[in-house]
């Protein structure tokens, strides 16, 4: 992945977040503050602006996106995405391009960060329910020699399904955890927005192969 593709990913993520903003707010209204879509859209506007600065390499760009999300996305989402992306930035090369293995390693650092900071596990009804299995599939695919665009295409479909499966879970972390059993029956908004990141990744890489 090169810097242009990386920035294209975030432009596409902004578009799909904007397109789903009200839906994300409606998901959050059921188990949270009803503002997840609004918060993410505000953060993505700043993230894209960070991408549009003069080229500085993958690490510089990823760190700029991280700081944009830390400073503009409210609640737990801003802290998790922002701090996770700082770990991603630290793991990605300073160069203008990286190998598939290096990209997978940076995603691994991101996922480890959100797990550690949020103290969430698989099944807790959080964004970890999307990012953890996606991380594992990404690493396994890269290790097996699969092309990154093909892996991303699989993950776009898989993460959409995993996000919807959070509807059957009881929230054990975050504001939704206070609802207990009443959190069951609602899709986790953070998991859903996380699945949109993988959709955006797939679309950005498809442009490369297309």
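Where a number appears in this text, it was derived from the coordinates with a stated rule and is not lab data. Quick caveat, the model's predicted, so the values are computed rather than measured. Here the Cβ positions follow ideal geometry from the backbone for every residue, glycine too, while neighbour counts run over all protein chains shown.
Observations on the structure shown:
- Kirkwood hydrodynamic radius of the stretch 74-210, Cα pairs, Å: 15.3 Å
- For a label point 7 Å along the Cα-to-beta-carbon line of residue 52, residues of the stretch 1-18 with backbone N under 19 Å: 3-18
- What the Cα convex hull of the stretch 129-210 gives, in volume per residue, is 75 Å³.
- If you plug the beta carbon distance of residue 116 and residue 140 into 1/(1 + (r/R0)^6) with R0 = 22 Å, you get a FRET efficiency near 0.50.
- Likely footprinting exposure, 36, 11, 186, fewest C-beta neighbours within 10 Å first: 11, 186, 36
- Between residue 30 and residue 170, the modelled label-to-label distance comes to 1.8 nm, taking each label 7 Å out from Cα in the direction of the beta carbon.
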